[in-house]
Amino acid sequence: MKKSWSFTDTYGKEHSIVYKAGFGLKLIVDGTAYKLKSQNWFINVIDYSIEIAGSDIRLVAIGTKVDVAINGVYIGSGKPYVPIQANTPAWVWVLVGVSAIVGLLLNAALGVVIAICFGTFYINFAVSRKNKMVIACFLAWAVIQAILGYWAFTLSAAINYM
């Protein structure tokens, strides 16, 4: 995945910002590459800061959703920048880990994929200060995992019975 942005600083100079995700995470600013590392084992979570010509530039990525904030305002959405780590309670990170591990145990790879998708919702809602939505998403995740787990168990029992 590759995303790019450009902006003009206060001195009138044009700057380019490119985010590349794949086998490694990279931020390329005006041709200079910076290696990035996710803040979470299960979900791509990045909040990387760099200063260019007096402007505070922040690359923020949660899952596949990526945006750049310049001087506290996101380029893509126009919303104010909110720090991820400072606004995500520890219990949300625990839910992300529990979802991934339990998803793996109940439904193998499909369970992990579903857990990662829901984990991005947990983090996005937590950053937006919507804690009730985090709980609602976790409950929805639990119901979906239980249904898939029951379906897989029933299917495997039917196959073994034959």
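The values are calculated or read from the model by the stated rules, or taken from the named source; none is laboratory data. All values reported here derive from a predicted model rather than from experimental measurement. Neighbour counts run over all protein chains shown; Cβ positions are idealised from the backbone, glycine included. Each accessible area value is taken on the protein alone, full model and side chains, heavy atoms only, with ligands, DNA and RNA left out. Shrake-Rupley method; radii C 1.70, N 1.55, O 1.52, S 1.80 Å.
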> Going highest first, how would you order 79-85, 97-103 by mean Cβ packing within 10 Å?
Replying inline: 97-103, 79-85
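Explain nothing, just the number: dipole magnitude of the range 3-82 about its Cα centre with +1 on each Lys and Arg Cβ and -1 on each Asp and Glu Cβ, in debye rounded to the nearest 20.
340
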> Fully extended, how many nm does the chain gain between residue 52 and residue 156 (0.36 nm per residue separation, minus their Cα-Cα distance)?
Replying inline: 31.7 nm
> Summing Lys, Arg as +1 and Asp, Glu as -1, what charge do residues with Cβ under 12 Å from the Cβ of residue 24 carry, residue 24 excluded?
Replying inline: +4
>> Within 10 Å of each candidate Cβ there may be at most 15 other Cβ atoms; applying that plus a DSSP loop requirement, which trypsin sites (Lys or Arg not before Pro) in the range 1-89 survive?
In response: 13, 37
> By a straight-distance test (C-alpha under 15 Å), which aspartates and glutamates pair with residue 3 as possible cross-link partners, with residues fewer than eight away in the same chain excluded?
Replying inline: 30, 67
>> In Å², and per residue, what accessible area does the range 51-153 have when probed at 1.4 Å with the other protein chains present?
In response: 53
> Gain in length, residue 146 to residue 109, computed as 0.36 nm per residue apart minus the alpha-carbon separation, to one decimal in nm?
Replying inline: 11.8 nm
>> On a 23 Å Cα-Cα criterion, which of the cross-link pairs 65/130; 26/65; 26/130; 20/65; 37/130 come out too long?
In response: 26/130; 37/130
> Of 48, 22, 32, whose Cα points farthest to the positive end of the dipole of the range 1-75 (charges on the beta-carbon: +1 Lys, Arg; -1 Asp, Glu; origin at the Cα centre)?
Replying inline: 22
> Taking θ as phi - 60°, what are the ³J(HN,Hα) couplings along the range 72-84 by the Karplus curve (6.51, -1.76, 1.60), each to the nearest whole Hz, with x for Gly and Pro?
Replying inline: x, 10, 5, 5, x, 9, x, 7, x, 5, 10, x, 6
> Say each of residue 79 and residue 41 gets a label point 7 Å from the Cα, pointing the same way as Cα to Cβ; how far apart are those two points in nm?
Replying inline: 2.9
>> So if I place +1 on the C-beta of Lys and Arg and -1 on the C-beta of Asp and Glu, and nothing else carries charge, what would the dipole magnitude of the chain be about its Cα centre? I want it in debye, nearest 20.
In response: 180
> In degrees, nearest 10, range 0 to 90: what is the angle between the Cα axis of helix 90-127 and the longest Cα principal axis of the chain?
Replying inline: 40
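How long is the gain from residue 87 to residue 132 if the chain were fully straight, where each residue apart is worth 0.36 nm and the alpha carbon distance is subtracted?
14.7 nm
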>> Can you give me the angle between helix 131-161 and the longest principal axis of the chain, using Cα atoms only, in degrees from 0 to 90, rounded to the nearest 10?
In response: 40
> Put 23, 121, 42 in order of accessible area, largest first, 1.4 Å probe: what do you get?
Replying inline: 23, 121, 42
